[in-house]
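Beneath this line is the structure, given in structure tokens, with notes to follow.
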Amino acid sequence: MTRERSETRRLDLGAQHAEIRAEITQAIERVIDGGCFLLGPEVEAFEREFAAYCDRQFAVGCASGSDALLLALLALGIAPGDEVLCPAYSFFATAGSIARLGAKPVFADIDPATFNLDPDQTRRVAADRPRLRAILPVHLFGQVADMEALTDLAEELGVPIVEDAAQSIGADDAQGRRAGSRGSLACFSFYPSKNLGALGDAGMVVTDDAELAEKLRRLRVHGATRGEPHREVGIGSRLDAVQAAVLRVKLRHLERWTKSRREHAALYDRRFSAAGIPLRTPRPTAPCARHVYHQYVARVPAELRDPLRTHLDEHKVETAVYYSRGLHEEPCFAQLDHRSRDFPHTEAATRECVALPVHAELEPAQIEHVIDSVTAFFSSAGGADPAPGRSSAEG
Ligand SMILES: *Cc1c(COP(=O)(O)O)cnc(C)c1O
């Protein structure tokens, strides 16, 4: 009798938590006994440890990655009428945080090789925009954007950079510098599926600017601490002590998990390239850059993407599409004067990308199964020359 093959999922938090369950339980009990549930000593300790990990002076915890973006833009004084430039290809919160403050998201296209802001495009889009107040690059899928070029551009324009590093904790850029270590402010998310995930929502803003750090600490508690008068209006966005305690435990395991993700990605790269199949694997930006593979996103010819996903689904390999439309295609941003042809690389990515399982808990047999299933699809599809049955499929 053959046993049902178990699913190869894109996330296995059960396995992750099983191996550190005692440590997590102990940390939660420490918070229960301490009796301080919002901010306080546990959050302060996590802020110090997290700042050090990101090569930063200050870290300010808050309730989510989305709030981290909102707080960072608020701290910079972004207000109605201002413009903030961000990539057209990202999670909604990147542009949503800008729009939430009444400011206008201005989109630029991505570099097709890295999925991150293309500095030349960014320069063109940023030209002659007197109301541009900040640049918000996203380090998508675990790879840092071209911070060298973007920093030069931001300095020329006299605007700050806010990094959306939600997907890239622990990544290093082409100059070997940490994700989140170069912008005026950088934002992180500890959404459970992120590389460092809480048992709920949590987020963080990091900076080297003491004044901005103080301002963030006020803004997350409605604009004033310690009973001072409210000179500005903030939001209510505190970090839970339970989440901070759990994240302190997990931070100690993050390097090991990152190493596993990178090993899994390297194995995919080698084996897919050896098989000669038309699958473009994520490309590193420079030898010293460190991709942390929040997602392993490969590109396939658009007409093969959905058939490949169906095939993998039949073989119990879970896949996902990040993202199925550009931010400029979201109905809520339709009133912005963008034209579809402004973002050809973003739109190609929405049709060609597929994310394969790459999390740290994957078993060797599961990785082999993913590789075999992908390879089998392309041999039956005839590689770049799809079989007649597949060629009519919509991409
Ligand atoms: C997850 C994510 C966010 C938002 O974080 P939440 O904690 O879910 O609010 C923002 N930007 C990007 C790129 C993300 O991936």
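Near GLU23: Cβ cut-off under 10 Å, other residues only, Lys/Arg at +1 and Asp/Glu at -1. The net charge is +3. Comparing ALA286, LEU308, ALA274 along the charge dipole axis of the stretch 268-314, the residue lying farthest to the positive side is ALA286, per the Cβ-charge model. Scanning residues 5 or more positions from LEU132 or on other chains, those with amide H under 5 Å from its amide H are GLU83, with H placed 1.01 Å from N in the peptide plane. Counting every other Cβ atom within 10 Å of each residue's Cβ, ARG231, ARG124 order from fewest to most as ARG231, ARG124. Mean projected area of the convex hull spanned by the Cα atoms of the stretch 202-243, taken over all viewing directions: 3.4 nm². What's the angle, to the nearest 10 degrees (0 to 90), between helix 21-34's Cα axis and the longest principal axis of the chain? For 21-34 against the chain, the angle is about 20 degrees.
Residues ILE28, ILE98, arranged from fewest to most other Cβ atoms within 10 angstrom of their Cβ, appear as ILE28, ILE98.
Find the centroid of the Cα atoms in the stretch 58-76 and in the stretch 161-238, then give the distance between the two in whole Å. So the separation of the two Cα centres works out to 4 Å.
When the alpha carbon gyration tensor of the stretch 124-178 is reduced to an equivalent ellipsoid, its three semi-axes come out at 22, 12, 8 angstrom, largest first.
Cut-off is 10 Å between beta-carbons; in what order do VAL249, VAL292, VAL60 appear when sorted fewest neighbours first?
With the sparsest Cβ surroundings first, the list reads VAL249, VAL292, VAL60.
Rg/Rh for the chain (Cα atoms only, Rh after Kirkwood) is 0.99.
Per residue, the chain reaches -12500 deg cm²/dmol at 222 nm when only DSSP H runs of four or more residues are counted, each adding -39500 (n - 2.57). I'd like the antiparallel share, as a percent to the nearest 5, of DSSP beta bridges with both residues in the chain. About 60 percent, rounded to the nearest 5.
Taking Cα centre as origin and charging only the Cβ of basic (Lys, Arg, +1) and acidic (Asp, Glu, -1) residues, the dipole magnitude of the stretch 1-88 rounds to 360 debye.
Taking the longest Cα principal axis of the chain as reference, the axis of helix 254-275 is set at about 30 degrees. In this structure the amide hydrogen of SER64, modeled in the peptide plane, comes within under 5 Å of the amide hydrogens of GLY203, none closer than 5 places in sequence on its chain. Remark: spin-label model distance ALA274-GLU318 equals 2.8 nm, labels positioned 7 Å along the Cα→Cβ axis. Between the Cα long axis of helix 364-380 and the first principal axis of the chain there is an angle of about 50°, rounded to the nearest 10. Note on the chain: with charges restricted to the Cβ of Lys and Arg (+1) and Asp and Glu (-1), its dipole about the Cα centre is near 280 debye.
Just so you know, all these numbers are worked out from the coordinates, no wet-lab data involved. Since this is a predicted model, take the numbers as computed values, not measurements. All Cβ positions, glycine included, derive from the backbone under ideal geometry; neighbour counts span all protein chains shown.
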